[in-house]
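Each remark here refers to the structure printed beneath this line.
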Amino acid sequence: MELPPRWAFLLFLLLSSTKASGSAVDKEEFQEELLLKPLPDRKVLAHFHFETRAPPCNSNGRRHHHLFPKAISQMVEKFRVKEMELSFTQGRWNYERWGGFDTMSSNNAKPPGVELWAVFDVPKEQVDASWKNLTHTLSGLFCASINFLESSTMYSAPEWSFRQASGSLRYGMLPREAVCTENLTPWLKLLPCRDNAGLSALMDRPSIYTSFYHSQRLHLTSNASDLEGLNPGIVLEQTLTVVLHPSSQRTSLTHISESYLQPSWSLSSIFGRKVNGRCALAKSSKVYLQLERGLVSELKKNIGSEGYDVEANFELSFNPDRVLTEENSRHGIGSSLLYEFSVDKYSNSKPFDLGLTWKFPVIWSCQQAPLHATRFLMGSGNERGAIAILLKSTDLNGSSPVADSASDGCELHVNIFQIVPWYIRVYYHSLQLFVDDQLKAVGAFVEKIHVMPSKDKISPGMMEMVLKLPCGVKSAALTLDFDKGFLHIDEYPPDANQGFDIPSAAIIFPNFHASMHFPSNDSERKSPMLSKFQESSPVLSYTEVLLVPLTTPDFSMPYNVITITCTVFALYFGSLLNVLRQRVGEKERLLKSKAAAVKTGRPSELLSRLSTKLRGRSQEPSQSPSESSPLINSKLVLKVLLMAALAVAWQYYFG
């Protein structure tokens with residue numbers, strides 16, 4: 001049977017739209033991964049990594065999303081965001097115990113509070129307007145106070161120390177922003193399966209928010225994928241890094257040094273949940289267990305002459321699908337091991353609950369950055385002080401990267417990026433440099449510096465500096481003097497007596513890069529997380545957030561002034577209105593009528609006396625009008641004079 005031309009045309013449109021939607025689904029990809037890593041201080045690191053890719057726009061410049069969140073796509077297109085990163089962090093990364101020279105600490109260890117930076121693909125004169133619109137959009141999207149970053153006093157434009165963006169980069173921080181489930185829930189809604197299935201189902205709220213450190217991060221990149229560069233594709237990367245302390249599940253084995261025995265743990269013990277399969281929309285779902293370089297070296301020492309099977313020191317509840325060994329490990333520390341588990345073969349009837357049980361005690365340490373950075377305040381009082389940045393060498397055993405490259409004429413470059421609020425007036429000419437506890441000339445060690453002094457209520461202060469230190473340096477310290485400004489009473493936060501926060505400073509080592517290379521199977525696409533590990537990124541660390549006490553006014557005084565003012569005005573106007581409303585003639589006529597009623601109405605008088613006795617009150621003798629009117633007139637005059645005197649005194653002292 002031949003279809004009419006009208007129905008044939010509709011069928012053709014339906015088939016073409018179905019084919020187009022099917023191709024869009026094939027192009028959009030979502031992958032989920034989880035990395036677990038034991039830490040030296042008896043804690044466990046859990047790193048969730050989700051990546052969603054959107055294809056380039058079609059010929060008419062539109063996108064039809066099936067996996068990629070539409071809100072993010074619209075935001076990128078509207079504000080022309082080239083690259084952006086937003087992080088919510090509670091706690092501070094422990095660089096001494098959890099490591100400072102690896103991809104995890106350099107890319108996922110963030111400062112406390114909220115950190116936002118964005119690169120825009122717009123003319124320079126439109127960057128600030130795009131930044132303000134972006135902050136409002138993100139504030140509504142993640143239920144946070146990111147809109148406070150729209151003010152010019154809250155963000156800066158670094159030129160070369162943080163990232164190379166040629167003037168289109170904006171950077172802002174909110175150190176005191178509280179992180180709670182209201183921020184995590186919108187973040188999870190960007191995932192195709194949310195937290196209903198897949199690895200995201202492990203995100204138990206009490207486990208996350210009672211951890212020692214957790215940081216949720218959102219990083220997106222819009223890169224041109226066609227020849228003209230008009231139709232960019234978007235890569236959305238969502239990570240959640242949590243440091244947990246597992247409850248001990250030791251076996252009956254006892255050791256002399258039980259304090260050195262790592263606690264055994266499983267997914268159900270640290271998260272309270274198991275993995276019941278992968279997200280149905282995910283292309284791949286994998287769990288990795290990483291043993292870092294220092295731990296692998298110690299495990300090999302424990303085995304001794306029995307061989308190099310490090311698995312003799314612990315026991316896994318599931319057999320891994322693959323065991324990957326790091327390639328091209330530098331600095332002579334050894335190679336880390338990566339155990340890969342695929343979640344595709346597990347379901348509700350057969351859940352995945354990875355567990356690690358230690359058999360022997362082991363002690364190791366993570367690899368440190370070339371220098372450990374600490375920042376603190378000096379001075380006392382509410383008038384002036386100083387900011388100090390201390391860099392101490394981590395080469396205690398001669399195993400740091402600096403020790404491997406130390407030679408005659410070797411130099412260690414350190415980039416320092418610091419933002420100071422406008423009410424902390426830093427005097428950059430007071431910069432002093434101490435190298436190995438000796439005062440040195442600043443010009444001999446500062447290779448490059450860029451300073452933007454703060455402007456009151458307009459812009460914060462910013463300092464970008466490149467230090468050139470010898471590789472054998474033991475310590476280096478920078479000091480900067482500052483004065484404390486005064487704020488208007490409306491500019492103080494509700495908890496002003498707690499103090500004011502100075503955001504963390506970024507310490508970057510451009511000559512040292514952290515990366516890990518693992519072998520990959522060319523037949524299938526490499527893991528997004530392993531691809532991030534393979535990228536060479538400079539070693540980066542953040543300092544502490546400083547708490548500066550400022551002079552605060554007596555916030556009870558406005559309340560006292562308002563109270564006494566309202567009281568005086570109420571007394572004045574109330575008494576004045578009472579006096580003005582009184583009529584002397586009316587009172588005289590009322591008194592005369594009462595006197596006439598007393599003379600003529602004996603029964604009424606008897607009744608009034610009887611009621612007075614029943615009530616137990618004494619009857620007041622009535623006064624004649626001639627006696628009461630002069631008294632009333634004198635009272636009125638006294639009230640008017642008193643109110644006038646009060647008004648004159650108030651105007652004289654407080655007017």
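The values are calculated or read from the model by the stated rules, or taken from the named source; none is laboratory data. All values derive from a computational prediction rather than experimental measurement. Heads up, the Cβs are rebuilt from the backbone with ideal geometry, glycines too, and the neighbour counts pull from every protein chain shown. Just so you know, the surface numbers come from the protein's heavy atoms only, side chains and all, with ligands and any DNA or RNA stripped out. Shrake-Rupley method; radii C 1.70, N 1.55, O 1.52, S 1.80 Å.
Whenever you get a sec, compute what percent of the accessible area on segment 417-528 sits on carbon and sulfur atoms (1.4 Å probe).
In segment 417-528, the share of accessible area belonging to carbon and sulfur is 52 percent.
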(request) Please give, to one decimal in nm, the separation of the simple spin-label points placed at PHE376 and LYS359, each 7 Å out from Cα toward the Cβ. (result) 4.6 nm
(message) Given a 1.4 Å probe and heavy atoms of the protein chains only, how would you sort SER454, SER161, largest accessible area at the top?
(response) SER454, SER161
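Around HIS245, what is the net charge, scoring Lys/Arg as +1 and Asp/Glu as -1 over all other residues with Cβ under 12 Å from its Cβ? Could you put the intermediate results ahead of the total?
Values: positive: ARG42, LYS43; negative: ASP41.
Combined, the nearby Lys, Arg, Asp and Glu give +1.
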(request) Express the relative contact order of segment 416-471 as a whole percentage, based on alpha carbon pairs under 8 Å and six or more residues apart in sequence. (result) 45 percent
(request) Express in nm, to one decimal, how much length is gained between HIS513 and TYR209 on full extension, taking 0.36 nm for each residue of separation and deducting their alpha carbon distance. (result) 106.3 nm
(request) Might you work out the accessible area of LEU591 for me, using a 1.4 Å probe with all protein chains in place, and round it to the nearest 10 Å²? (result) 50 Å²
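Which net charge results when you count Lys and Arg as +1 and Asp and Glu as -1 among the other residues whose beta-carbon is under 12 Å from that of LEU324? Write out the running numbers ahead of the final one.
Details: positive: LYS286, ARG322, LYS526; negative: ASP321, GLU326, GLU327, GLU340.
After counting each charged neighbour, the total is -1.
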(request) Kindly report, to the nearest 10 Å², the accessible surface of ASP344 as traced by a 1.4 Å probe over protein heavy atoms only. (result) 80 Å²
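Which net charge results for the neighbourhood of LEU202, defined as the other residues with beta-carbon distances under 15 angstrom from its beta-carbon, given Lys and Arg at +1 and Asp and Glu at -1?
Values: positive: ARG194, ARG205, ARG273, LYS274, ARG278, LYS286; negative: GLU32, GLU33, ASP195, ASP204, ASP353.
Summing Lys/Arg as +1 and Asp/Glu as -1 gives +1.
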(request) With a cut-off of 18 Å, note down the residues of segment 207-222 whose backbone N falls inside the zone around a label point 7 Å from the Cα of SER317 toward its beta carbon. (result) 207-208
(request) With label points built 7 Å along Cα→Cβ from the Cα atoms of GLN582 and CYS143, find their separation and express it in nm. (result) 6.2 nm
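Leaving ligands, DNA and RNA out of it, rank TRP117, TRP650 by accessible area with a 1.4 Å probe, largest first.
Per-residue accessible area, sorted high to low, gives TRP650, TRP117.
Take every Cα pair under 8 Å in segment 476-601 that's 6+ residues apart, average their separations, divide by the length, and report that relative contact order as a whole percent.
28 percent
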(request) Provide the gained length on full extension for the span THR479 to GLU182, in nm with one decimal, where the gain is 0.36 nm per separating residue minus the Cα-Cα distance. (result) 103.0 nm
(message) Testing the spin-label approximation: label points 7 Å from Cα along Cα→Cβ at VAL122 and LYS457. State their distance in nm.
(response) 2.7 nm
(request) Return a whole-number percent for the relative contact order of segment 414-542, with Cα pairs under 8 Å and 6 or more residues apart as the contact set. (result) 31 percent
(request) Estimate the FRET efficiency between LYS189 and ARG80 by the formula 1/(1 + (r/R0)^6), using the beta-carbon distance for r and 25 Å for R0, to the nearest 0.05. (result) 0.55
(request) Determine the gain in length on full extension of the stretch GLU544-LYS300; use 0.36 nm per residue of separation and subtract their C-alpha separation, reporting nm with one decimal. (result) 84.2 nm
